[in-house]
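What follows is calculated from the coordinates using simple rules that are stated; it is not laboratory data. Model, not experiment: these values are computed from the prediction. Heads up, the Cβs are rebuilt from the backbone with ideal geometry, glycines too, and the neighbour counts pull from every protein chain shown.
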Amino acid sequence: MANIINGKEISAAIRAEIKEATERLVAESGVRPGLAVIIVGEDPASQVYVRNKKRACDEVGFYSESYELPESTTQDELNALVDRLNKDEKIHGILCQLPLPKHLDENEVIMRIDPRKDVDAFHPENVGKIMIGDYSFLPCTPAGVMALLERSGIDVCGKECVVVGRSNIVGKPQAMLLLHANGTVTICHSRTKNLAEVCRRADILVAAIGKADFFTGDMIKEGAVVIDVGMNRRADGKLTGDVDFESVAPKASYITPVPGGVGPMTITMLMQNTLTAAKNAIKC
């Protein structure tokens, strides 16, 4: 039976380290890391996520601001808020909760955020830095996956790594981070032929396609490390990942549960990015 990678415990340990580093930063420089979160509209899931971010900021000692804008917000109004936050010295990180309402241009907002405050690491400048391995920020979920592997004593070097999913938020940056860690990386997607066969080659499998219980035990190599990035809700309301835990866990050496695996790490890595942004601002 697989060892469970406990994202709650690892996340709590990292947050304690961030809190300690924040206290040192404030004592030495008088600068307290500041995060601004923008949400447009009334999507319940996004509102919960924003509340969790505010709670995390309080936990680690950050200054935070939250902007809950109505669905009717115009592009010009949203752009003006981003411009103001870009100039605000108390704010080191800006996060605009996606998805936005359909009448707003997400790419325009991403491009408008100062790359030095882009703690989601979505701006093309930061994406390019990740590609060449010279970065300040990492996208929060892929960074969380790498932290889980490292703190579980799992060495990526030389391993066959399969990432299933090619989104800009998870799949593509996850592949680059595994590559930077000297993994041999294959990216799979909806057009991949013989997907199960490719998955069975993986020493480390990252499942990130958003389909409940898609990956079953017959798709997993004996002793593989299985990282489940999925977060889906079944008809009965129960949360589940992309991995069928019951059939996969007996074959895997390590596995992340859902909930309690990758999920807790995402906001923790956002805190790490904001701390980094504050330290970088002092150097400027």
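In the chain, what percentage of the DSSP-assigned beta bridges are antiparallel, given to the nearest 5? Walk me through the intermediate numbers first.
Values: 2 of 32 bridges.
Percentage antiparallel, nearest 5: 5.
Report the relative contact order of the stretch 30-114, percent, no decimals, based on alpha-carbon pairs under 8 angstrom and at least 6 residues apart. 42 percent. Taking the convex hull of the alpha carbon positions in the stretch 140-263 and averaging its projected area over all directions gives 7.0 nm².
Please arrange S190, S46 by counting, for each residue, the other beta carbons lying within 10 Å of its beta carbon, fewest first.
Working: S190 9, S46 18.
Ranked by crowding around the Cβ, least crowded first: S190, S46.
Could you please rank K102, K172, placing first whichever residue has the fewest other Cβ atoms within 10 Å of its Cβ?
Working: K102 7, K172 18.
Fewest-to-most ranking of K102, K172: K102, K172.
Per residue, what volume in Å³ does the Cα convex hull of the stretch 209-257 take up?
Working: hull volume 3.2 nm³, N = 49.
So the per-residue Cα hull volume is 65 Å³.
For the chain, what's the relative contact order in percent, using C-alpha pairs closer than 8 Å and at least 6 residues apart?
In percent, rounded to a whole number, it is 23.
Note on the stretch 69-223: the C-alpha convex hull projects to 11.2 nm² when averaged across all orientations. The ranking of I204, I110 by Cβ neighbour count inside 10 Å, starting from the fewest, reads I110, I204. Computed from backbone phi with θ = phi - 60° and the Karplus coefficients 6.51, -1.76 and 1.60, the 3J(HN,Hα) list for the stretch 175-186 is 4, 5, 5, 5, 5, 4, 8, 6, x, 9, 10, 10 Hz; x is used for glycine and proline.
Considering only GluC sites (Glu not before Pro) in DSSP loops that have at most 16 other Cβ atoms within 10 Å, the longest stretch of the chain without any of them is 90-221. Only helices enter this figure: runs of n ≥ 4 DSSP H residues, each worth -39500 (n - 2.57), summed and divided by the residues of the chain, yield -13500 deg cm²/dmol at 222 nm to the nearest 500.
The Cα-based radius of gyration of the stretch 1-125, divided by its Kirkwood radius, gives an Rg/Rh of 1.02.
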